[in-house]
1. Taking only pairs that are 8 or more places apart or on different chains, how many Lys pairs in the chain have Cα atoms under 29 angstrom apart?
2. Taking 2.2 N^0.38 Å as the expected size of a compact globular protein, what ratio does the Cα radius of gyration of the chain give against it, to two decimals?
Amino acid sequence: MTTLTVNIDDQGTEQRVRALLDKLGLNYSIHADNSSKWWEDELIVKELDKRSADLTSGRDSGVPFAEIKKRLLSR
């Protein structure tokens with residue numbers, strides 16, 4: 001199973017998304033938890049710090065934005 005998180009700010013959009021998911025016959029659940037603060041999640045912050053350090057040190061060279069744009073536009 002894959003989890004997809006979507007943040008929706010207005011009810012109209014939420015209703016349209018629900019209608020689309022229903023039309024597609026997908027199983028889904030909705031959690032109206034607006035209290036998520038990723039910056040207070042120790043595991044997430046630790047992972048972001050590691051990735052940042054890898055980029056800074058050169059251990060991970062990253063991907064230039066131009067390459068990302070090229071890949072997206074070629075789809």
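FYI, it's all coordinate maths here, none of it is from the lab. Note that the coordinates shown come from a computational prediction; the quantities given were computed from them, not determined experimentally.
1. Details: Lys37/Lys46; Lys37/Lys50; Lys46/Lys69; Lys50/Lys69; Lys50/Lys70.
The number of close lysine pairs in the chain is 5.
2. Compactness ratio reported: 1.58.
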